[in-house]
Amino acid sequence: MNIKSVVSMLSQNISSVREKIAAAAKRSARSAADVELVVVSKKRSAEEIREVLESGVTLFAESRLQEALEKIPLLPSRLHWHFIGHLQKNKLRKLLPLFELFHGLDNLELAQSMNRVAEELGLFPRVLLEVNIAGESTKYGFSPRILECSLEKLLSLSRVQVEGLMTMAPLTKDPEQTRPFFQQLRLLRDQLAQRAGIPLSVLSMGMSQDYEVAIEEGATLVRLGTAIFQEEHHRVEMEQERR
Ligand SMILES: *Cc1c(COP(=O)(O)O)cnc(C)c1O
């Protein structure tokens, strides 16, 4: 495809995603403004990201430090970046200054390290606590039980700002099957927030396959890569619309 048709494919993907976000938000008695779209730009070039900018998106997410270090300096400084990868202690010093929100904080020791590094760097990193809600052995994240035990210590950290929870639902062909996991994350959030007396208002849940269900269950952030960038995705949708 030439550049022009890539731009138009991306902008059509984005407007179709935005419509679906708005419709799903409405079904959960909210408005589109209550759900933030984070475009997952991992494995995409700075050039492709620039094309997405044309549709007014300014919030992107990366999952690997090295890739982010290479790409972010090539792009306008007005962009906002979230980190959605697995957090490693030895990379915190480089990660903290680059990103506005960390979606994958998954253990207390890491949170304590982050707090120390943040203090040295004079930063107040915002984080989401990743929960392995389905208890899958292949996934990172707090188990709900361990999170309950760790919460008080997490919230007492002087620098790290806990703003909510994040999860990845199990991969399924039928998005409907992810619903119970999103419900469980929201209920867990409600319980923890009530116990701690703070809102924990951010719920980062939903990817290309399942974001509409996640929004119906209360997601405030959805992380979309494939739905934005993939030509296939676009084509399938165009065909569905034509039917
Ligand atoms: C890659 C990734 C996404 C985006 O996945 P898509 O299915 O392409 O939308 C979302 N969240 C995390 C944590 C990811 O690693």
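In the range 205-217, the condition of being at pLDDT below 95, within 13 Å of the ligand (Cβ to nearest atom), within 21 Å of the chain's Cα centre (by Cα) and not polar (S, T, N, Q) is met by no residue. Closer than 22 Å to Lys43 by Cβ and either in contact with a Pro (Cβ under 6 Å, 6 or more places away or on another chain) or assigned to a helix (DSSP H, G or I) (or both) - does that describe any residue in the range 117-134? There is no residue in the range 117-134 that is closer than 22 Å to Lys43 by Cβ and either in contact with a Pro (Cβ under 6 Å, 6 or more places away or on another chain) or assigned to a helix (DSSP H, G or I) (or both). When each of Ser63, Ser77, Ser137, Ser113 is tested for being under 19 Å from the mean Cα position of the chain (by Cα) and either modelled with pLDDT of 95 or more or within 19 Å of Thr167 (Cα to Cα) (or both), the lone residue that passes is Ser63. Evaluation of Lys42 against the conditions (1) at pLDDT below 95; (2) among the basic types (Lys, Arg); (3) within 16 Å of Phe60 (Cβ to Cβ) shows that the sole unmet condition is (1).
Residue-by-condition table, conditions (1) part of a strand (DSSP E or B); (2) within 17 Å of His103 (Cβ to Cβ); (3) free of Cβ contacts under 8 Å to residues at least 12 places away in the same chain; (4) among the basic types (Lys, Arg):
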position	(1), (2), (3), (4)
Gln177	no, no, yes, no
Pro180	no, no, yes, no
Arg186	no, yes, no, yes
Gln194	no, no, yes, no
Met207	no, yes, no, no
Glu212	no, no, no, no
Ile215	no, yes, no, no
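Going by the structure shown, is Asp190 of a type in the set (Asp, Glu), modelled with pLDDT of 95 or more and more than 14 Å from the ligand (Cβ to nearest atom)? It is true that Asp190 is of a type in the set (Asp, Glu), modelled with pLDDT of 95 or more and more than 14 Å from the ligand (Cβ to nearest atom). Quick one: would you say Lys20 is within 19 Å of the chain's Cα centre (by Cα) and within 19 Å of Arg179 (Cα to Cα)? It is true that Lys20 is within 19 Å of the chain's Cα centre (by Cα) and within 19 Å of Arg179 (Cα to Cα).
Between Arg159, Arg223, Arg242, the distinction of being more than 9 Å from the ligand (Cβ to nearest atom) and modelled with pLDDT of 95 or more belongs to Arg159 only. Of the residues making up the range 104-116, just one is part of a loop (DSSP other than H, G, I, E, B) and either away from the ligand (no atom under 16 Å from the Cβ) or under 14 Å from Leu65 (Cβ atoms) (or both), namely Asn107. Filtered by the rule that a residue be among the charged types (D, E, K, R) and closer than 18 Å to Phe102 by Cα, the range 122-152 gives Arg126, Glu130, Lys139. Which residues, taken from the range 127-162, are of a type in the set (D, E, K, R) and surrounded by fewer than 16 Cβ atoms within 10 Å (Cβ to Cβ)? Correct list: Glu136, Arg145, Glu148, Glu152, Lys153.
The values are calculated or read from the model by the stated rules, or taken from the named source; none is laboratory data. Just so it is clear, the model here is predicted, and its values are computed rather than measured. No Cβ is skipped: glycine too gets one built from the backbone with ideal geometry, and neighbour counts run over all protein chains shown.
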